[in-house]
Amino acid sequence: MFSVQSLWWIIWSRITVLIGSISKVKIWSSKQKHECAGESEEEDCFGDDFGDSWECLPEGYQLICKPSALAHWLLKDIQRLVLGPTRWWWSHWPNLQTLIQHFLPPDNPLEIARENLQLTDGGIIALDWVVGPRKNLTTRRGTNVTENPPLLLVIPNPFGKLTRNVQTLCLLALGKGYIPVIFNRRGQNECPLTTHRLQDFGDPGDLKEAVNYIIYRHPGSVLFAVSEGLGSGLLLSYLGECGSSSYMTAVSCISPIFRCQEWFETGMPWFYEWPLLLYQKIILSRYFTALGEVVSTEKLFGSNSLHELHETLHCQCENRKVSWDSYWERNEPLRDVDEVAVPVLCICSMDDPIRGPAQTTLPIELFRTNPYFLLLLTHCGGHCGFLTESPVAWSHEVTLDYFRSITEFFRAEEKKKWFTRRRSTNLVSRRRRPTLQRRDTAIYKDLEEEIFSWQRSYTR
C-alpha cells in the first residue's frame, strides 16, 4: 500500500521524465569545451581558485570572488566539505531537482508560531517562528550561544508558497541551534491583506520593520538571513538600502535572480510559468473586491504571463501609475549594490532552468570586484535543487557552515585586533608622552593602522 508521499513521488517522477525529454539544459557550450580541451588550458582554468576563467569549474564547483582575507578563510572551509558533483542519476536533470524542491511536499511539515505584525501604514505582515518538529539538537561551533541563540531570517520566494526547500532548511537550522523565522509578505501565505496595495518587488520597507521587531525581541542574538530564488531580490534591496545598518552578520542567497526586469520580460519555460501564474491568480482572487478598487481586475486575472500580471498589479494602479522602466529603477535588487556592507554568499548552478543561461544572467564582474559578494558556482543543481543521495540539499549544509565560518572569522579578527591594541598601548606607556621621539611616534602610528587592517582586509 502506497503512502501519499510515495504517490507524490511517482507522479512527479513520471511528469519530470516527460519534461526532461522536452527541455534539455545545456551546461557546457562548445566554446567552453574548446577552451578547456587541452591539458595546458585546463591547468590555466583550474590553477587559480580566484582566476578569471570562471566557466571552468574544478571538481564541479568554484568560489568566485575578489581575493581577500575573508575569501581565503571561507575557501579553506569550503574545501573541507566534499562538494563534488553528485553521482546520483538526477545530477543531469535540473528540471527534476527543481520540481522536487518546489512541488513535492516536505517529509516533516513545520510547526510554527505565527505573529502578525502591523506596520506603520496599517498593513500586516506575518512572522512564522519555527518551533518544531525538534530533533536532537547539535552544538554549533562558533555560533551557538546558550543564552542568545543565533537568529535565521528566511525570505521565501514572492509567490506566497513555502516550498520543500525552505521548510527543510528551517528544520536543519532548528536542529543546529538556530531560531528560524520566516518572513511572509502582505497577502501571502494566509497573511491578511489590509491595504489596497501589495509589497513592491524590491521595496524593503516592510522588511525593515520586521527586522527591527526581531532585533527588539532578541537584542542579544546574532542575525543571519537566507533567501530563496526571487526572494533574494527583496533581501539584496534591503542590504543595499540599509548598508552598515542592516543588523545582519552574514547573508546567503540560494539560486538568486539578479536582473529581475530582464527576467520578467524574458519569461520562463511554459511548464514553470503557467502553474505559477495560475497560483498567483488564485491567491489574488481572495482579494478580488479590494483590488477591484485600484486595478482593473479583468486585465489582472486575464494576464497571460507573469510580466503582464506584475505590471498590471504594481504599475497600473489608479492611485499610482508608473511606467515599467521607472518601476524597476526603484526595485532592481542591485540598484544600491555598492552600499552592501555584509558578506553575501550566492549559491548558483550552471544548469538553473528558471534563472536562465549563466553567461548572461550572472553578474560575474560584481563578484570579481565587490569584496562583499561571493559566488559558489556549480555544474549541477537546478533552481534551489542541489540534491544528493540524502534528502537534504547540500546548499543548506554549506549555508549554515558559511554562517559558522563567518562568525569564527570575525572572532579571530577581533581577537587579533585586541592583541594589537594591547601591544600598542604597552609601547606608548613605556615612556612619558613628552619624551616620545619622532621615531616612536611613527611606530605607534604604524601599529594604529594595523589595528584596523582586518576591517579593510576583506573589504578591499
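Before moving on, here are some points about what is shown:
- Counting protein heavy atoms only, region 119-259 has 50 percent of its accessible area on carbon and sulfur, 1.4 angstrom probe.
- Accessible surface for region 173-274, divided over its residues, is 31 Å² per residue with a 1.4 Å probe.
- Computed magnitude of the charge dipole of region 292-384 (debye, nearest 20; Cβ of K, R +1, Cβ of D, E -1): 120
- Computed from point charges on the beta carbon alone (+1 for Lys and Arg, -1 for Asp and Glu), the dipole magnitude for region 227-308 about its Cα centre is near 160 Debye.
- Solvent-accessible area of ARG330, all protein chains in place: 110 Å² (probe radius 1.4 Å, heavy atoms, ligands and nucleic acids excluded).
- Sequence of ARG217, ARG80 when ordered by accessible area, the most exposed leading, probe 1.4 angstrom: ARG80, ARG217
- At a probe radius of 1.4 angstrom, the accessible area of region 280-407 per residue rounds to 36 square angstrom.
- The HN-Hα couplings worked out from phi for region 328-339 by the Karplus form 6.51 cos²θ - 1.76 cosθ + 1.60 (θ = phi - 60°) are 7, 4, 9, 10, 4, x, 9, 5, 10, 5, 5, 8 Hz, whole numbers, x standing for Gly and Pro.
- Residues TYR216, TYR287, sorted by accessible area with the largest first, give TYR216, TYR287 [1.4 Å probe; ligands and nucleic acids excluded].
- Sequence of ASP336, ASP401 when ordered by accessible area, the most exposed leading, probe 1.4 angstrom: ASP336, ASP401
- Over 25 Å (Cα to Cα) - which of LYS161/LYS281; LYS76/LYS415; LYS161/LYS208; LYS76/LYS416; LYS299/LYS321; LYS208/LYS281 fall in this group: LYS208/LYS281
- Extreme residue, positive dipole direction of region 273-375, given options PHE373, VAL322, GLY356 (C-beta unit charges): VAL322
- Length added when fully stretched, TYR216-TRP274, from 0.36 nm per residue minus Cα-Cα: 16.8 nm
The values are calculated or read from the model by the stated rules, or taken from the named source; none is laboratory data. Everything numeric in this text was worked out from a predicted model, so none of it was measured. As a convention, Cβ positions derive from the backbone with ideal geometry for all residues, glycine included, and neighbour counts pool all protein chains shown. What goes into the accessible areas is simple: the full protein's heavy atoms, side chains included, and nothing from ligands, DNA or RNA. Shrake-Rupley method; radii C 1.70, N 1.55, O 1.52, S 1.80 Å.
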